[in-house]
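The values are calculated or read from the model by the stated rules, or taken from the named source; none is laboratory data. Computed from a predicted model, the values in this text were never measured in an experiment. All Cβ positions, glycine included, derive from the backbone under ideal geometry; neighbour counts span all protein chains shown. Each accessible area value is taken on the protein alone, full model and side chains, heavy atoms only, with ligands, DNA and RNA left out. Shrake-Rupley method; radii C 1.70, N 1.55, O 1.52, S 1.80 Å.
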Amino acid sequence: MIVLDVLQNRKATVFVQRIGTRDLRLDTSGGICCATVWWNSACEISDTDNELTNEVGGYEHVVVLVHCRVVDGEIIETLQKLPRGTVPGDFLDAIVVGMDMMIKKFGPTSKGKKRLCLITNAQDPIKEPYEGKKEDQVDTIAAQMNAHGMKLESIIVRGRLSLDADKGIMDENDFLLNRFSKKTCAKTVYVESPTSLLGAIRTRNIAPVSIFRGDLELSPKMKIKVWVYKKTSEEKFPTLKKYSDKAPPTDKFATHEIKVDYEYKRVEDPTKVVPPEQRIKGYRYGPQVVPISPAEWDAVKFKPEKSVKLLGFTNASNIMRHYYMKDVSIFIAEPGNAKATLAISALVRAMKEMNKVAILRCVFKQGQSNVVVGALTPNPSNLENIPDSFYFNVLPFAEDVREFQFPSFSNFPPSLQPNERQQEAADNLVMRLDLAPPGKEEALQPDFTPNPVLERFYRVLELKSKKPDAHVPALDQTLNRITEPDSELLSQNKQVIGEFSKQFELKENPKIKKSSRRLWSEKSLSSHMNEVEGAGDVSDNQAVLSIKSESSGKVDKVGNLTPVEDFEAMMARRDSAEWVNKAIKDMKNLIFDLVENSYEGNTYQKALNCLLALRKGCILEQEPKQFNDFLLHLCKFCSEKYLSSFCKFLASKQMMLISKTEAADSDVTDEEARSFLVKTEPALE
């Protein structure tokens, strides 16, 4: 057994590791602990080196390799050269040695910040105690942990190396380790692969901080005291600050920080700086910019009271999984409140039995400017020491939902539907490439799969701290298992993959030499209008054209030179949902400018080009209301500005609103769409 005691972020962690049939190497850097499993080593260890052995005897084959101190480069090198042992060790002895180190170092202080991390395969027998049973020994250790505020994390490494082990001994050891979870603050996890082990070892534990403490209001007269915590939260990439090397090397107190200041100057006179009291924010509304002062903006803000209120219940099947937004929170009863615990448990089990979820209106903080509506899902517990709880997922509002309508497979002709052999090949491929096969550990479990981007960053950071000129190393095998398909799984199913490939003929898509930006405007507008006149209404020919994303990633605004091409390219971008809204907004503003600044209709044709492109884009993106509202507003604007000639021009080209036939989300019927310009054409003299 190897014991390592380290300090980081004001927290003490003792790693208690079983060294036997394989060698585990830990790499701690930057406050982060990384693990890599190696299958052989050159050294052997059977010595005993710990203070308890010298003081009271016993505790054999337990070596304290590193005493308690802050993580540094020397500890990292020590961890990378862990020896391999050949003599079985008692993990209970190792836990006691680790506890003794912490008690002597910190005494009764730092409760809740002391942690023992046990890494073992739990395959060797535990020695019989001098008095009582092994269970009594576990209870005594757990009581001491509670008294000194220690936490225990047990990581049990299993897998192929456990096939020849004594199952009776393994079951007994598992029973003893799981007993810690019932008697003290402890957690036991099982891993089978290096990737899972890497994710299971966590030296950075985030302290639970509640985001809400108050009443779950079922009705004005019925309230339950609850606490709300974040269950999942995205781990952000570390912020990299700008560094200046302009400070003198002799200045020991230089912070090397870079500060950025902004100056606002008038367009008419760039030499004059506009002071803050003379600046105001403006928001674009159509072709105008509406100024809003901070006082007005503060008055407009919605300021709800802090509360969590029940709106009602619905069937769980009504809440689609893809509706969930943002992070997941967990609702628990107020700790120590027996009545609240009983009420929450009754509610959880009733909802689970009836397959219901609750819809809540939540304002978690006082002064919060937004209200969230979410689904409360019951989470009944199967463990005696863990109470029932709820999971809370934020649900979208109407503005947050994107309804994309795609044709069903059943509407395709038989030639485009899979035959029986193709379907069978696809079914076999899915079944054989299962990441959770029976009898084996599920691969890439979220709880045990670290973020490969963060892991790689910290490893490179540790390397650069030692060798600033070092090159970025290649991705190691452990992280490669996360980012790449499992080569072993693919090799085992070559036949299934080959059969799937045979059933589907792949043809090369010929490259089009034309620019992909000429997608909607490939034909001139005049020829397009001629086709329209020969075929009927414009609406009969407003086919939704597919948008390709080739060569369109760099367009970020609709320009005046090639507006249709720019609009098409922005609509084709799929790196963010915001591009669609921005493209529509830019095109609306441009059309307004073209109509308002026209001279005897010289820009009407260009405005019509843009209007046609906007119409097609809104059909494609299922945004008929945006186009219809804009066209109504545009005609009203023309009537007020004595630009009725543009409305007549649109009527001559048979421009119409988007009807229900073209977009299911439209509220306009075909008859209303055809009669639109007849009704709205101004009659100003």
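Is the C-alpha gyration tensor of region 563-676 telling us rounded, prolate or oblate? Criteria: a/c under 1.5 is rounded; beyond that, a/b larger than b/c is prolate, otherwise oblate. The shape class here is oblate. Summing +1 for each Lys or Arg and -1 for each Asp or Glu among the other residues whose beta-carbon sits under 13 angstrom from that of Ser181 gives +1.
Each peptide among 455-462, 114-121 gets the average number of other Cβ atoms lying within 10 Å of its residues, and from highest to lowest they stand as 114-121, 455-462. Charged neighbours of Gly374, selected by a Cβ distance under 12 Å, balance to +2 (K, R count +1; D, E count -1). Annotation for Leu506 and Glu399: the two label points, set 7 Å from Cα along the Cα-Cβ direction, are 4.4 nm apart. Residues whose amide H comes within less than 5 Å of that of Phe212, counting only those at least five positions distant or on another chain, are Val228 (H built at 1.01 Å from N in the peptide plane).
Residue pairs exceeding 25 angstrom between C-alpha atoms, taken from Lys301/Lys557; Lys230/Lys466; Lys151/Lys326; Lys167/Lys440; Lys326/Lys660; Lys230/Lys582: Lys301/Lys557; Lys230/Lys466; Lys151/Lys326; Lys326/Lys660; Lys230/Lys582.
When the Cα atoms of region 208-399 are aligned to their principal axes, the ranges along those axes come out at 72, 54, 31 Å in descending order.
Mind checking which aspartates and glutamates have their C-alpha under 16 Å from Lys653, skipping anything on the same chain fewer than 8 residues away? Within the straight-line cut-off, Lys653 pairs with Glu531, Glu533, Asp537, Asp540, Glu681.
To put it simply, the accessible area of region 208-399 at a 1.4 Å probe is 55 percent carbon and sulfur. Placing pseudo-labels 7 Å out from each Cα toward the beta carbon at Lys309 and Phe237 gives an inter-label distance of 4.2 nm. Listed by chain and number, the lysines whose C-alpha is less than 25 Å from the C-alpha of Lys221, apart from same-chain residues fewer than 8 away, are Lys303, Lys306, Lys309, Lys339, Lys352, Lys356, Lys365. For region 319-372, pairs of C-alpha atoms spaced more than 12 angstrom apart make up 77 percent of the total.
With N the number of residues in region 236-329, Rg(Cα) / (2.2 N^0.38 Å) evaluates to 1.98.
Debye calculation, C-alpha points only, no solvent: report log10 I(q)/I(0) for region 267-311 at q = 0.19 Å⁻¹, in the same order as the q values. With one equal scatterer per Cα and no solvent, log10 I(q)/I(0) is -0.82. What a 1.4 Å probe finds exposed on region 563-676 is 48% carbon and sulfur by accessible area, rounded to a whole percent. Cα convex hull, region 133-232: 177 Å³ per residue, rounded to a whole number.
Quote the charge dipole size of region 563-676 about the Cα centre in Debye, to the nearest 20; the model charges only the Cβ of Lys and Arg (+1) and of Asp and Glu (-1).
Taking the Cα centre of region 563-676 as origin, the dipole is about 200 debye.
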